[in-house]
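**Q** Handing you a structure now.
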Amino acid sequence: MTSVSTTPRPPESAQAKSTRPRALLFTSFEPSGDDHASTVIAELKRRHPDVKIYAWGGPRMAAAGAQVVEQTGKDAVMGVPGLAKIQEHRKINERIEAWMDANPIAAHIAVDSPAANFPICKLAKKRGIRVVHLVAPQVWAWGKWRVNKLRRLTDLVLCLLPFEEKWFEERNVPAKYVGHPLFDLSLDHEALSASAAKMPVGSPKIALLPGSRPKEHERNFPLLLESFRRLRQDRPGAVGVVAATTPEVAKILRAQAQTLGGWPEGLAVEIHNTDAVVTWCDLSLVVSGTVTLQIARQQKPMVIVFKTGRLFYELFAKWLLTAPFFTLPNLIAGREIVPELVPHFGDAEPIVQEATRLIEDESYAQQQRDDLGKVTQQFEAMDTCVLAADAIERIAGLKLSAPAS
């Protein structure tokens, strides 16, 4: 067994810190990364209005104060990208490399999307630029050998999940748990209840959360739609709301439904209003992703699904995946507290069965609520944007802000 050195990296000299450029580059390639980075950017700009923050990112990063060089994230993919996507990112990397040569920066903050970000981190390292990962690459879940690449291509990994810091530190990767930005702002329950009151009336109230990526919609929305139809067939009073991330997504989902027998009665759509939809619902049918933590935060029962191709899974993913669970609530709990149909290759029947149990067995639903409450407790008393900004300041050599009074 090869031993890994645990020798700490030598501290940077004060002279080196003083001569380092006062500019940062964030790179994000998914809507969730745009969200995660925006709060950290806003905090850094609050502390250092004079520091330039550039980004390959989205509208939320721009609104937070970043100068967006190129817009990204509109057509994000999950899993192994196709040839066209690989070629697109090669061209992006060429532009970023030229941009780095023309714009000195103190640190590169790679936000999630390790497949897209690792080549950019390599470009930064070659230029002596320090690298921070905001959102830990999930090397603990699949392809564990990638931890060696991560060790070479980072100065610090900022972890959003409670168990990650220990996992990385045990493998000699500098890491810090900073909490999850989703929990930074308190929910306005009065406003959410007012919004939920405008949604359909009936029982049970079923939320459908189909994700934000086109491939997720293509594979999973038909399952969610059929599950709702069958649940409503057995319970005519049932009503549903689809939580769409954007108006464009809402149009795509409605068009998709037309090819699947039409839009069901009793099903409405809410756009960019997920927290209110969760407040409204009795249970959720949800595609696996960060949104499961939004649901957990309000302790609403859920069934989680993620449909993928069987051939791809059997040939590749099956041999790469090593985590005992696939979904965030179960990973954090360390056991299955939420039914996860991941990966799922079949029809809507298992989803309907699990949803029916949650509707009919109150003790089962209450146990899930209690377990979700314990999961979300692990994010309490964390201020993600503050802790992440503290760490980035240190790595980038920016003057530390005065402690809050």
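The values are calculated or read from the model by the stated rules, or taken from the named source; none is laboratory data. All of these numbers come straight from a predicted model, not from anything done at the bench. Quick reminder, even Gly has a Cβ in these numbers, built from the backbone with ideal geometry, and neighbours come from all protein chains shown.
**Q** Do the conditions hold for residue 213, that is, is it of a type in the set (Lys, Arg) and under 18 Å from the mean Cα position of the chain (by Cα)?
**A** yes
**Q** Kindly establish whether residue 354 is in the same structural domain as residue 239 (by TED's automatic domain parsing), more than 15 Å from residue 230 (Cα to Cα), over 19 Å from the mean Cα position of the chain (by Cα) and not in a strand (DSSP E or B).
**A** In short, no.
**Q** Tally the residues that are of a type in the set (Ser, Thr, Tyr) and within 13 Å of residue 207 (Cα to Cα), restricting the search to the stretch 226-262.
**A** Number of matching residues: 1.
**Q** Checking the conditions here, which among 212, 193 is surrounded by fewer than 18 Cβ atoms within 10 Å (Cβ to Cβ) and of a type in the set (S, T, N, Q)?
**A** On inspection, the qualifying residue turns out to be 193.
**Q** Moving on. So residue 140 fits all but one of (1) modelled with pLDDT of 95 or more; (2) part of a loop (DSSP other than H, G, I, E, B); (3) more than 30 Å from residue 259 (Cβ to Cβ); what number is the exception?
**A** That leaves (1) as the condition not met.
**Q** List the pairs whose first member sits in the stretch 230-242 and is within 14 Å of residue 355 (Cβ to Cβ), whose second member is assigned to a helix (DSSP H, G or I), and whose Cβ atoms are under 7 Å apart, counting only residues at least 6 apart or on separate chains?
**A** 230/352; 231/352; 231/355; 238/231; 238/232; 240/228
**Q** Between a first residue in the stretch 41-58 that is under 22 Å from residue 73 (Cα atoms) and in contact (Cβ under 8 Å) with a residue 12 or more places away in the chain and a second residue that is acidic (Asp, Glu) and part of a strand (DSSP E or B), which pairs have beta carbons less than 9 Å apart while being 6 or more apart in sequence or on different chains?
**A** 55/70; 56/70; 57/70
**Q** Looking only at the stretch 261-278, decide whether some residue is assigned to a helix (DSSP H, G or I), closer than 27 Å to residue 376 by Cβ and either aromatic (Phe, Trp, Tyr) or in contact with a Pro (Cβ under 8 Å, 6 or more places away or on another chain) (or both). It would help to see each step written out before you state the result.
**A** The initial filter retains those residues of the stretch 261-278 that are assigned to a helix (DSSP H, G or I), namely 274-278.
When the remaining residues are screened for being closer than 27 Å to residue 376 by Cβ, the result is 274-278.
Next cut, either aromatic (Phe, Trp, Tyr) or in contact with a Pro (Cβ under 8 Å, 6 or more places away or on another chain) (or both) only: none.
No - not one qualifying residue is present in the stretch 261-278.
**Q** Going residue by residue through the stretch 153-161, is there one that turns out to be surrounded by fewer than 16 Cβ atoms within 10 Å (Cβ to Cβ), in contact (Cβ under 8 Å) with a residue 12 or more places away in the chain and touching a helix residue (DSSP H, G or I) at 6+ places or on another chain (Cβ under 7 Å)?
**A** No - not one qualifying residue is present in the stretch 153-161.
**Q** State yes or no: is residue 212 assigned by TED's automatic domain parsing to the domain that holds residue 344, modelled with pLDDT of 95 or more and farther than 21 Å from residue 196 by Cβ?
**A** no
Okay, residues lined up against (1) among the charged types (D, E, K, R); (2) modelled with pLDDT under 90; (3) surrounded by fewer than 18 Cβ atoms within 10 Å (Cβ to Cβ); (4) not in a strand (DSSP E or B):
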{"residue": "295", "(1), (2), (3), (4)": "no, no, no, yes"}
{"residue": "300", "(1), (2), (3), (4)": "yes, no, no, yes"}
{"residue": "304", "(1), (2), (3), (4)": "no, no, no, no"}
{"residue": "317", "(1), (2), (3), (4)": "no, yes, yes, yes"}
{"residue": "326", "(1), (2), (3), (4)": "no, yes, yes, yes"}
{"residue": "337", "(1), (2), (3), (4)": "no, no, no, yes"}
{"residue": "347", "(1), (2), (3), (4)": "yes, no, yes, yes"}
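**Q** I want to confirm something. Restricting to the stretch 100-120 and keeping residues that are in a helix (DSSP H, G or I) and in contact (Cβ under 8 Å) with a residue 40 or more places away in the chain, which single residue is surrounded by the fewest Cβ atoms within 10 Å (Cβ to Cβ)? Show your work before the answer.
**A** At the first step, the residues of the stretch 100-120 found to be in a helix (DSSP H, G or I) are 100-102, 114-120.
With the extra rule that they be in contact (Cβ under 8 Å) with a residue 40 or more places away in the chain, the set shrinks to 100, 116-117, 120.
Values: 100: 19, 116: 26, 117: 27, 120: 24.
Selected residue: 100.
**Q** Here's another thing I want to ask about it. Tally up the residues in the stretch 58-73 that are touching a strand residue (DSSP E or B) at 6+ places or on another chain (Cβ under 9 Å) and more than 14 Å from residue 30 (Cβ to Cβ), please.
**A** Number satisfying all stated conditions: 8.
**Q** Pick from 290, 308: which is hydroxyl-bearing (Ser, Thr, Tyr), at pLDDT below 95 and either surrounded by 21 or more Cβ atoms within 10 Å (Cβ to Cβ) or closer than 17 Å to residue 209 by Cβ (or both)?
**A** The unique qualifying residue is 290.
**Q** Conditions: (1) touching a Lys or Arg at 6+ places or on another chain (Cβ under 8 Å); (2) under 14 Å from residue 302 (Cβ atoms). Residue 269 meets all but one. Number of the miss?
**A** That leaves (2) as the condition not met.
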